[in-house]
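Colleague: Take this structure, written in C-alpha cells, and hold onto it; I'll ask about it next.
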Ligand SMILES: N[C@@H](CCC(=O)N[C@@H](CS)C(=O)NCC(=O)O)C(=O)O
C-alpha cells in the first residue's frame with residue numbers, strides 16, 4: 001500500500017483538504033501536497049474530473065469526493081472503525097456527512113445585506129439543528145464510553161470533520177455567522193475539537209509543517 005504514489009490537489013486553505021492531509025500524514029503515507037492560490041483555479045478547474053477539488057491522484061489515477069478520500073486515508077491510519085464495528089462506522093459516516101452537508105448548505109450571495117440576512121437565518125435554523133444533532137451523538141457516546149468523541153474512545157475521521165467545522169466558524173470563516181456559535185452552546189462539540197487538537201498524530205502533522 002505504501003508503495004503507491006499520492007498527490008493531493010487543493011486550495012491553500014484547510015477547507016475540505018485539511019483532514020485528508022492530516023490523515024495521510026498520520027498513516028505514514030508520503031504525499032505531494034499541491035496547493036494553489038484561488039487566482040489559479042480558473043485554469044486548474046477544467047483539468048479536474050468533476051470541476052472541483054480535492055483531487056487525490058494515486059499512482060496516476062485521479063480520485064475525488066472529499067468524504068471518500070477522507071475515509072480512504074482514515075482507514076490507512078486507523079482513524080476509521082474496523083469491519084467488526086459496523087454500527088460505529090455508521091455513526092462516523094453520519095457525522096461526516098452531516099458536517100459536509102452543513103458546509104455545502106451555507107448560503108452565498110454577492111449582496112452583503114442579503115448575505116447577512118441569509119447567514120443569520122442559516123445560523124438560527126440549519127446550523128442549530130445540525131449542530132444539536134451532533135452534540136447529542138457525542139453526549140451519548142460520552143455517557144456510554146466516557147469520551148467526548150463521536151464514537152468509541154479514540155479519535156476518528158468523524159472527530160476531524162467536527163473539528164474542521166468548529167475551527168472554520170471560530171476563525172470567522174463564514175461572514176455573519178457568530179464566531180462564538182459553538183463555544184456558547186455546544187460543549188461536547190468543543191470537547192471533540194479539543195481532543196483533535198491534542199491528538200498525538202494531529203500534533204505531529206502540524207509540527208511537521210513548521
Ligand atoms: N462533493 C465534493 C464537493 C467539492 C467542492 O465543492 N469543492 C469546492 C472547494 S471546497 C470547489 O471545488 N469549489 C470550486 C468550484 O466548484 O468551482 C467533495 O466533497 O469533494
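Colleague: Just to be sure I understand, how many residues within region 1-15 are in a strand (DSSP E or B) and modelled with pLDDT under 95?
Modeller: Of the residues in that region, 0 qualify.
Colleague: On the given criteria, is residue 51 over 17 Å from the mean Cα position of the chain (by Cα) and within 22 Å of residue 197 (Cβ to Cβ)?
Modeller: No: the conditions fail for residue 51.
Colleague: Give region 16-60 a look and list any residue that's within 19 Å of residue 79 (Cβ to Cβ) and part of a loop (DSSP other than H, G, I, E, B), or say none.
Modeller: Correct list: 16, 17, 27, 28, 29, 30, 54.
Colleague: Within region 16-40, restricting attention to residues that are within 12 Å of the ligand (Cβ to nearest atom) and in contact with a helix residue (DSSP H, G or I) (Cβ under 8 Å, 6 or more places away or on another chain), which residue is nearest to residue 160 (Cα to Cα)?
Modeller: Result: 19.
Colleague: A further question on this structure: Among the residues of region 185-195, write down those that are within 17 Å of residue 102 (Cβ to Cβ) and in a helix (DSSP H, G or I). Lay out the reasoning, then the answer.
Modeller: So in region 185-195, the residues within 17 Å of residue 102 (Cβ to Cβ) come out as 185-186, 188-190, 192-193.
The answer is 185, 188, 189, 190, 192, 193.
Colleague: A further question follows. For residue 94, state whether it is surrounded by fewer than 19 Cβ atoms within 10 Å (Cβ to Cβ), without any contact (Cβ under 8 Å) to a residue 40 or more places away in the chain and assigned to a helix (DSSP H, G or I).
Modeller: no
Colleague: Then there is this: So, of the residues in region 1-26 that are out of contact with any strand residue (DSSP E or B) (no Cβ under 9 Å at 6 or more places or on another chain) and crowded, with 21+ Cβ neighbours inside 10 Å, which turns out to be nearest to residue 99 (Cα to Cα)?
Modeller: 19
Colleague: While we're on this one: Look through region 41-61, keep the residues that are out of contact with any helix residue (DSSP H, G or I) (no Cβ under 7 Å at 6 or more places or on another chain) and within 8 Å of the ligand (Cβ to nearest atom), and return whichever of them is nearest to residue 17 (Cα to Cα).
Modeller: In this case the residue turns out to be 53.
Colleague: Run down 74, 106, 89 and say which single residue is modelled with pLDDT of 95 or more, within 13 Å of the ligand (Cβ to nearest atom) and under 27 Å from residue 136 (Cα atoms).
Modeller: Values: 74 fails: within 13 Å of the ligand (Cβ to nearest atom); 89 fails: within 13 Å of the ligand (Cβ to nearest atom).
The conditions single out 106.
The values are calculated or read from the model by the stated rules, or taken from the named source; none is laboratory data. Computed from a predicted structure; not experimentally measured. Note that each Cβ is placed from the backbone with ideal geometry, even for glycine, and that neighbours are counted across all protein chains shown.
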